[in-house]
Amino acid sequence: MKWRSENKMQIVLSAKTIIVLGTILSIVAIVNSGFKISHDISINESANNAVSMDSIASVKAFEKVYKVLMSPRCMNCHPAGDIPLQGDDNHLHSMFPKRGEDGKGIYAMKCQNCHQSANLSGLHTPPGNPNWHLPPAEMRMVFQGRTARQLAKQLVDQKQNGHKNMKQLIDHASDGLVRSAWNPGEGRTTPPMSHDDFKKAWVEWIQKGAYAPK
Ligand code: HEC
Ligand code: HEC
């Protein structure tokens, strides 16, 4: 009887030990994950996705990305001012439609009054997309005039990129407005490489660490 109850004690004790250990482990896990979240998101999340952190390959990939970002099909919607740009020479949009709070224009000059959900045929007709607008006033996402270094830093800064984390940023390569640059409507040039090549460079830049050129 005595032996049995001692044995029972031991069993109870070791069960307690397991519970205590388990609790410690889960606290460690929780603290750890909290710590991760508070880390610099660009380093942390790209590390999770990383093929490898490689500053040289990352910067090289961004050189390609930058050529596309600065091409007229992209830059015309990412102007330094509040009026969109037109043409391969990035001149101010005729009739000067303004950004407005939500990027969709103001009063009678709403983008969607002229920009339909698909391209119209003919030269100098407005390109179409169901979501055609500029970035909003409180998050202007300016490309025009930015150096490669400035733009690389801006793109991964969640305070400037529309609160996108690394995964959302990667996904943005397939966004409808981004893809529309390769279907620009009659008479307009496309960006300097295919969408596939752009996407490859974009993902590589991010996954290898999202480094900014010097
Ligand atoms: C019709 C206008 C329009 C065109 C054309 C356009 N964009 Fe944008 N872009 C936007 C709007 C609006 C947003 C903000 C909405 C969002 O974040 O989803 C945005 C956001 C972005 C962002 C995320 C914000 C940031 O700065 O990190 C990137 C990257 C981007 N665009 C890249 C491009 C590229 C590359 C092209 C050309 C291949 C392009 N855009 C063409 C309107 C446009
Ligand atoms: C009154 C009609 C009208 C309104 C309103 C309008 N647009 Fe346009 N937009 C046009 C026309 C027409 C073109 C084509 C001009 C050409 O090709 O010569 C054009 C072209 C553009 C281009 C150039 C596309 C490229 O790839 O070069 C951008 C960018 C653009 N519009 C953005 C906007 C945005 C953003 C708004 C709202 C803030 C807007 N537009 C409001 C008529 C309009």
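Yes/no matrix, rows are residues, columns are (1) of a type in the set (Lys, Arg); (2) outside the structural domain of residue 61 (by TED's automatic domain parsing); (3) surrounded by 18 or more Cβ atoms within 10 Å (Cβ to Cβ); (4) within 11 Å of ligand 1 (Cβ to nearest atom):
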site	(1), (2), (3), (4)
83	no, no, no, no
86	no, no, no, no
98	yes, yes, no, no
101	no, yes, no, no
106	no, yes, no, no
110	yes, yes, no, no
119	no, yes, yes, no
134	no, yes, yes, yes
156	no, no, yes, yes
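Residues in segment 76-94 that are assigned to a strand (DSSP E or B) and hydrophobic (A, V, I, L, M, F, W, C) were compared, and the one that is nearest to ligand 2 (Cβ to nearest atom) is 85. Evaluate the following for residue 73: is it buried (at least 17 other Cβ atoms within 10 Å of the Cβ) and not in a loop (DSSP other than H, G, I, E, B)? Spelling it out, residue 73 is indeed buried (at least 17 other Cβ atoms within 10 Å of the Cβ) and not in a loop (DSSP other than H, G, I, E, B).
Listed here are the residues, each with its yes/no results for (1) near ligand 1 (Cβ under 9 Å from one of its atoms); (2) more than 15 Å from residue 72 (Cα to Cα).
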{"residue": "175", "(1), (2)": "yes, yes"}
{"residue": "180", "(1), (2)": "yes, no"}
{"residue": "184", "(1), (2)": "yes, no"}
{"residue": "188", "(1), (2)": "no, no"}
{"residue": "192", "(1), (2)": "no, no"}
{"residue": "196", "(1), (2)": "no, yes"}
{"residue": "199", "(1), (2)": "no, yes"}
{"residue": "205", "(1), (2)": "no, yes"}
{"residue": "209", "(1), (2)": "no, yes"}
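Per the conditions (1) surrounded by 14 or more Cβ atoms within 10 Å (Cβ to Cβ); (2) free of Cβ contacts under 8 Å to residues at least 12 places away in the same chain, the sole criterion not satisfied by residue 163 is (1). Count of segment 94-109 residues, restricted to those that are in contact (Cβ under 8 Å) with a residue 12 or more places away in the chain and either in contact with a Pro (Cβ under 6 Å, 6 or more places away or on another chain) or not aromatic (Phe, Trp, Tyr) (or both), is 11. The number of residues in segment 104-133 that are within 16 Å of residue 178 (Cα to Cα) and more than 6 Å from ligand 2 (Cβ to nearest atom) comes to 8.
The values are calculated or read from the model by the stated rules, or taken from the named source; none is laboratory data. Everything quoted here is computed from the prediction, not taken from an experiment. Counting neighbours? That spans all protein chains shown, and the Cβs are built from the backbone with ideal geometry, glycine included.
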